[in-house]
1. Please arrange T180, T216 by counting, for each residue, the other beta carbons lying within 10 Å of its beta carbon, fewest first.
2. Fewest to most neighbouring Cβ within 10 Å: what's the order for Y122, Y217, Y196?
3. What list of ³J(HN,Hα) values in whole Hz, one per residue of the range 216-225 in order, does the Karplus curve 6.51 cos²θ - 1.76 cosθ + 1.60 (θ = phi - 60°) give from phi, with Gly and Pro shown as x?
4. For the residue pair L44 and Q78, what label-to-label distance in nm results when each label sits 7 Å from Cα along the Cα-to-beta-carbon direction?
5. Based on other C-beta atoms within 10 Å, arrange D190, D172 from fewest to most.
6. In sequence order, what are the phi-derived ³J(HN,Hα) couplings for the range 22-30 according to the Karplus relation 6.51 cos²θ - 1.76 cosθ + 1.60 with θ = phi - 60°, rounded to whole Hz, with x for glycine and proline?
7. Under the rule a/c < 1.5 gives rounded, and otherwise a/b versus b/c splits prolate from oblate, where does the range 39-93 land using the Cα gyration tensor?
8. Once you have a ≥ b ≥ c as the square roots of the Cα gyration tensor eigenvalues for the range 48-143, tell me rounded if a/c is under 1.5, and otherwise prolate or oblate according to whether a/b is larger than b/c.
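Each value in this text was obtained by applying a stated rule to the coordinates, not by laboratory testing. What you are looking at is a predicted structure, and each value in this text was computed from that prediction instead of being measured. Positions of Cβ are generated from backbone atoms using ideal geometry, with glycine treated the same way; all protein chains shown enter the neighbour counts.
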Amino acid sequence: MPSDAEKTQTKMVQDIDFLPASYKHERERSRKRLSRRITLVVFLSLIVAGTWQQRRNRLTLEAQRDRLQLQAGRMLSQLGDPEQIKAEIRQRELHANLLAHLRLRVSATRVLAAVVRCLPKYVSLTRCELNLEEKSAPRQVRAVTAGKVHPENRQEAKPKPPAERDLQAIRDESDHKVVTVSIEGLAPNDLAISSYIAALHDAGLFDDVQLQYSDTYEYGEHQLRSFEIRLQVRRPRASSGKPAEPPDPEIPPSSSEVSSPIAAVGPP
């Protein structure tokens with residue numbers, strides 16, 4: 001085995017460098033120069049790739065913009081004038097409201113059907129009359145205006161379309177007039193009349209049911225009760241220009257709306 005002295009001598013021989021210092025310095029400079037060139041090439045490649053991708057995206061967006069502008073132009077040409085579209089929408093809204101109000105009006109056949117359907121056993125009608133009466137309204141005090149309107153400041157009112165005039169007429173009629181029904185008939189006793197009044201209350205079609213009178217009526221050897229009842233037809237209420245749903249005849253009114261039919265009928 002080699003001794004320690006021989007190992008140290010061998011190591012000293014291996015560490016001897018015969019290259020000059022200038023060569024090492026030049027080699028280090030060339031290595032740094034190559035690394036800088038590689039970094040610059042990579043950086044320029046990234047810049048070129050980003051610029052190319054940005055240009056490609058811009059061309060794609062411009063193509064989409066042109067296509068959307070063409071589609072928007074076609075849609076606008078198909079739609080027409082916006083003012084004309086608004087006028088058509090308003091006209092259709094007027095027709096829809098008019099149709100809704102007409103459908104919500106309680107027909108005479110429905111009223112007669114409710115009157116006949118509520119008849120108890122052995123109760124018959126001798127007269128049934130429908131009337132359109134003015135609704136009593138509180139007196140309104142007119143406000144006094146401070147100044148006068150000059151004729152040149154007045155604006156001429158534009159003529160309303162027929163649908164709007166009809167709709168306004170129906171609303172005015174619904175606000176100022178009520179439909180009443182006056183019925184007369186014969187019943188075997190006051191209990192049958194009370195049952196009839198209660199059934200009319202439960203029909204849900206009338207706002208007010210009043211017994212006008214009840215009297216004795218002799219028919220041969222039989223004593224019957226003649227009566228007269230006044231009904232006020234419930235009208236559909238509309239809010240914010242939209243008509244409400246008509247009253248449901250299957251849903252009875254609340255207890256506050258129903259008066260006692262027994263108390264309404266007088267003693268025999």
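1. Least crowded to most crowded, the residues run T216, T180.
2. Y122, Y217, Y196
3. 7, 9, 9, 10, x, 8, 9, 10, 10, 10
4. About 5.3 nm, to one decimal.
5. The most exposed by this proxy come first: D172, D190.
6. With the stated coefficients, the range 22-30 comes to 5, 5, 4, 5, 5, 5, 5, 5, 5 Hz.
7. It comes out prolate by the Cα gyration axes.
8. Prolate shape, in that a/c is at least 1.5 and a/b is the bigger ratio.
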